[in-house]
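Some notes on the structure that comes next.
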2 protein chains.
Amino acid sequence: MSKYVCKKCGFEADTDKWMWRCPSCGSVLDITGKVEAPKITLGEGDTPIVNLFGFGGNVYFKLEYLNPTGSFKDRGSAMALSQAQKLGIGCIVEDSSGNAGISVAAYAAAAGMWATIVVPQGCAPGKRQLIEALGAEIVEAEDRTAAGNRARELETRGCAYIGHQWNPWFIKGMEKIASEIRAQLKGIPDAIITPVSSGTLLLGLYNGFKKYKKIPKLYAVQASGYSPLYEALHEKNGDKPSKLADALQVSNPPRLEQMKEAVLKSGGDALVVSDEEIVMALSKLLKAGAIVEPSSATALAGYMQLVNSDKIKDKEKIVIVLTGSGLKYPEVLSLISH
Amino acid sequence: MSKYVCKKCGFEADTDKWMWRCPSCGSVLDITGKVEAPKITLGEGDTPIVNLFGFGGNVYFKLEYLNPTGSFKDRGSAMALSQAQKLGIGCIVEDSSGNAGISVAAYAAAAGMWATIVVPQGCAPGKRQLIEALGAEIVEAEDRTAAGNRARELETRGCAYIGHQWNPWFIKGMEKIASEIRAQLKGIPDAIITPVSSGTLLLGLYNGFKKYKKIPKLYAVQASGYSPLYEALHEKNGDKPSKLADALQVSNPPRLEQMKEAVLKSGGDALVVSDEEIVMALSKLLKAGAIVEPSSATALAGYMQLVNSDKIKDKEKIVIVLTGSGLKYPEVLSLISH
């Protein structure tokens, strides 16, 4: 039987009620105990791992952008929405301006649930249109913070708040990527480099590998201007805010302490990359045939930093996680590739 | 050792030269003998098969839209470009206004080859931008026919013409879908319903299942105005040409005779669906969480025709193939879903 646990205040509870954060101290919750595989599925997970043209045979790319709605978020949505359905929840609300909103809307549809997605004004029209196409209701808020507040207000009116940045089921859903990588590579890689915003994928990797003898060095790549993890481990980063990494624009991730632990205990690090580095990395990925979104290219930009500073050795087996599909960004991609 | 064979004139040749059609009679070629798995890969194939909300447990959806460039074409591109690389070809040319162009451009990039894609004027800007982003050169022709002619002209200047509608390797690359479906369902389904334009996927299914004891009934769904297979088996279809099914607008598929054989010998049929039926089907798919392109929804529209005319029984195990991603079509999808 699974339980909610709060590592901060020691709160514990059975998972027979919906909780997205600790009702006692307001901190993040985690799940312990046995967890069933998601019942609601759109075919998420078991994504390919490949070498790409122009990179060595020891560099593997984990293609999370081939998940059902075009991003790794689907792993978390499948788990969280399955749990919500198990508890008899018929209506959910979420705040997001992008991939998480599309993903939650799709899995709510797959579960036959009513969904409301609160988006900030100025949300990319294409992403908003996809959320609408999936049958979700859109509510607009002034900005990202207001969107979160509005979503939690709607929760009090009878809908369950998903809160993917907080939700312990969402994090739990990410863990399977670790066993997939281990099976695909027939062993555990030396390092994994992943884009990081609210840290759900980073923590999924860390928690997922903890059950094995070795945890790969986890390198968390953030975009300039949105680098709370980097700044918690190093100095302030004064570079101008990234415009390209639109999926990584999170300034206050609720699981920051856990993210620090994951990076430090694994022997990895946090990195920051600029839009110029993103452009270079994205162009290389596209010209190897990988149609990814700009935010995903941060991982390759981070890899290039590590290689240039000799922090990665030639013989090390590296996994670079490509998190989101570029099919939504034809115009941006064609400009960058030139 | 594999061979090219022409079933029309009996021509045979080793596969140590590049041929996209029979040099003797101009008809289509096929491959016989042992074929190696593609060496160039972007993670194509092994796509998920799922049930979807609102459909019975005997209705399975094969999610070909989760292939690396967002369509089933990647299976064919991987095989054809691998073969081209094996023959030392460093430069390819293809004509396409859509998914095949994106796919061939991506696999050419993955193979480190120079690619030119000839597109008809009026090609969707998003698709054209993706082709450019992948580093391919774009050449514009007046229409679809002119694009084919122009591409074959460029071939004579030292580039290999892929010609996916003709190419025997491209067809060969499609076959694996059959063994995947059989493994995923732990058996062979009673019927498979798939969108059809140049018939590569239909023939892949037919050829792939031929090695087993049973071939599922193959239902080929075409869009109104682009229904040569339907018209070859039934009467002329006078409905107005589909605008929505932009990936199915092929009037003269070179493998029409083979397509007829596949449908008839399997005990299936050809169907035509209108844009109104596509809208209904697409809306259902989106509201079950499947982000597909309009052309893919023809398969579900065809299924609905078959159910309504009692040609499919409740207990039959059905596979509906969803061929292309809707992530490229946010605006169209949001309009349709309302």
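Between amide H atoms placed 1.01 Å from N, distances below 5 Å from A:ALA270 occur with A:ALA220, all of them 5 or more places distant or on a separate chain.
If you put +1 on each Lys and Arg Cβ and -1 on each Asp and Glu Cβ, how big is the dipole of the stretch B:45-168 around its Cα centre, in Debye rounded to 20? Each step should come with its number before you reach the end.
Details: 10 positive and 12 negative charges, 46 e Å.
Charge dipole, the stretch B:45-168, about its Cα centre: 220 debye, nearest 20.
Here the 3J(HN,Hα) profile of the stretch A:276-284, calculated from phi with Karplus coefficients 6.51, -1.76 and 1.60 at θ = phi - 60°, is 5, 5, 5, 4, 4, 5, 5, 4, 5 Hz, Gly and Pro shown as x. For the stretch B:20-36, putting each phi into the Karplus relation 6.51 cos²θ - 1.76 cosθ + 1.60 with θ = phi - 60° gives couplings of 10, 8, 5, x, 8, 10, x, 7, 6, 9, 10, 10, 10, x, 6, 10, 6 Hz, in residue order, rounded to whole numbers and with x for Gly and Pro. Here the Karplus curve 6.51 cos²θ - 1.76 cosθ + 1.60, taken at θ = phi - 60°, turns the phi angles of the stretch A:167-184 into couplings of 3, x, 6, 4, 4, 4, x, 7, 4, 4, 4, 5, 5, 5, 4, 4, 5, 5 Hz, with x standing for Gly and Pro. With respect to the cross-link table entries A:LYS86/A:LYS127; B:LYS176/B:LYS217; B:LYS3/B:LYS217; B:LYS186/B:LYS214; A:LYS17/B:LYS284; B:LYS243/B:LYS265, which display a Cα-Cα separation exceeding 22 Å? Over 22 Å Cα-Cα: A:LYS86/A:LYS127; B:LYS3/B:LYS217; A:LYS17/B:LYS284; B:LYS243/B:LYS265.
Give me the inter-chain shielding for B:120-133: mean count of other chain Cβ atoms within 10 Å, whole number please.
Values: counts 0, 0, 0, 0, 1, 3, 8, 1, 2, 8, 10, 2, 7, 17.
Rounded to a whole number, the mean comes out at 4.
Start at zero, step by 10 Å, and the Cα-Cα distances of the protein assembly as shown spread as 3, 16, 27, 26, 18, 8, 2, 0, 0 percent across the bins.
The charge dipole of the protein assembly as shown, taken about the Cα centre with unit charges on the Cβ atoms of Lys, Arg (+1) and Asp, Glu (-1), comes to about 2100 debye, rounded to the nearest 20.
Residues whose amide H lies under 5 Å from that of A:SER242, counting only those 5 or more places away or on a different chain, are A:SER224, A:GLY225, A:TYR226; hydrogens are built 1.01 Å from N in the peptide plane.
Apply the Debye scattering formula to chain A, with a single equal point scatterer on each alpha-carbon and no solvent, then give log10 I(q)/I(0) at q = 0.07, 0.09 Å⁻¹. Ignoring solvent entirely, the Cα scatterers give -0.26, -0.43. Residues whose amide H comes within less than 5 Å of that of A:VAL118, counting only those at least five positions distant or on another chain, are A:GLU94, A:ASP95, A:SER96, A:VAL139 (H built at 1.01 Å from N in the peptide plane). Label-to-label distances for B:ALA37 across copies, nearest first, come out at 2.1 nm, using points 7 Å from Cα in the beta-carbon direction.
Size check on the stretch A:74-169: the Cα extents along the three principal axes, sorted descending, read 35, 25, 20 Å. The rotation axis that maps chain B onto chain A passes nearest to the beta carbon of this chain B residue, listed with its distance in whole angstrom: B:LEU327, 2. Looking at the calculated P(r) for the stretch B:112-222, what percent of the C-alpha pair distances fall above 17 Å? Roughly 65 percent, rounded to a whole number.
Here the translational diffusion coefficient of the stretch B:177-295 follows from Stokes-Einstein with Rh set to the Kirkwood radius across Cα pairs; for 25 °C and 0.890 mPa s it amounts to 165 µm²/s.
Just so you know, all these numbers are worked out from the coordinates, no wet-lab data involved. Treat the numbers as computed from the prediction; the structure is a model and nothing was measured. Positions of Cβ are generated from backbone atoms using ideal geometry, with glycine treated the same way; all protein chains shown enter the neighbour counts.
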